[in-house]
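Structure first, commentary second.
Every number in this text was worked out from the coordinates using simple rules, so none of it is lab data. Computed from a predicted structure; not experimentally measured. In this analysis, Cβ positions are derived from the backbone assuming ideal geometry, glycine residues included, and neighbour counts consider all displayed protein chains.
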Amino acid sequence: MTKDAELLVELINKKTKLTAMLAPSFPIAFEYPTIISSLRKLGFTYVVEVALGAQKTNEQLKEFFEKNPEARCITSPCPTIVRMIKKTMPQYTKYLSQGIDSPMVATAKIVREKYPGYKPIFIGPCVMKKMEANEDVPELEILAVTYIELQEALDHFKIGKEVNPNEHFDLAAPGLTMMYAVDGGLSHSSSLFGEMGPEKVKIVSGAQNNIAAIKEFDQNPNIKLLDILNCPGGCIGGPGIKSELNAEQRKQKIVDYYQAAGV
């Protein structure tokens, strides 16, 4: 069991008041609404969809462009990209969107306001979210765990699939931000892709493509928004997911969940 999985187990054993924040890629790792029931049995009082925070991220980004119509920026929900630029390509730091919360951070702020006294636990596919939580927003006291680490905790307490068809999120986000985990999720769900057009929005994912894309963005002033994620296919390819599904099958899981919501 990893250190953070052990910490989650310790919090549960201490009866700490917890709120789970499920990242938009969760349908790849867990069935809905089964996972909600399992989380409640594990000890979470509230379960929140991080796609809700993604709506806030989109609002902030759109407001930024409205106030700065000539601006150009690189999106910052991906902590791997942000850290790579700051540490190894600092000349491009000026392009990082400033004052715009990542979906995790935006969701944690909502949780802190809505459920005071409850510790936010981010559950997602990304190991770098741990650094974002600990280094960038320590005041929010977010514990970031991967889907694999959550499964370790579920196994530790011998919690299987808890089936309750009437279960649901306490705070949900029906809409296109449910697709945020797929590359281009931000620019499409925010409508910026449609408003700016494909010549001004570049969508990139995969570590092998990132450096070239950032350099191209710097050299091509026609590109106003670089929607970039480090993992292949977007967050659906994150290392914190244990799945035999290929990229297209993973994307389909997200699409199916979105379509089942009937939005």
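For the reader, a short list of remarks on this structure follows.
- DSSP loop GluC sites (Glu not before Pro) with at most 15 other Cβ within 10 Å excluded, longest remaining stretch of the chain: 71-140
- In a fully extended conformation the segment linking E59 and K94 would gain 10.5 nm over its present Cα-Cα distance, using 0.36 nm per residue.
- In plain terms, the chain from E31 to K158 could stretch by 44.0 nm, reckoned as 0.36 nm per residue minus the Cα-Cα distance.
- From the C-alpha gyration tensor of the stretch 88-191, square roots of 5λ in Å: 27, 19, 16
- Gap separating the Cα centres of the stretch 123-185 and the stretch 1-45, nearest whole Å: 7
- Two-decimal log10 I(q)/I(0) for the stretch 1-106, as the Debye equation yields it once each C-alpha is a single scatterer, q = 0.19 Å⁻¹: -1.02
- Fewest-first ranking of Y95, Y180, using other Cβ atoms within 10 Å as the exposure measure: Y95, Y180
- Taking the DSSP beta bridges with both ends in the chain, the antiparallel portion is around 5 percent.
- A Förster radius of 25 Å, combined with the Cβ-Cβ distance separating L7 from E113, puts the computed FRET efficiency at roughly 0.55.
- Local net charge near R40, Cβ-Cβ under 9 Å (Lys/Arg +1, Asp/Glu -1): -1
- In this calculation the C-beta distance from E70 to K15 is compared with R0 = 51 Å, giving a FRET efficiency of 0.45.
- With 10 Å bins from 0: P(r) over the stretch 174-263, alpha-carbon pairs, percent: 17, 43, 31, 9, 0
- Close amide-amide hydrogen proximity is noted between T146 and G124, each under 5 Å apart and 5 or more residues distant or on a separate chain (H modeled in the peptide plane; Pro and chain starts excluded).
- Among the trypsin sites (Lys or Arg not before Pro) within the stretch 162-263, those in coil by DSSP and having at most 13 neighbouring Cβ atoms inside 10 Å are K242.
- When T2, T34, T146 are arranged by Cβ crowding within 10 Å, least crowded first, meaning fewest neighbours, the order is T2, T34, T146.
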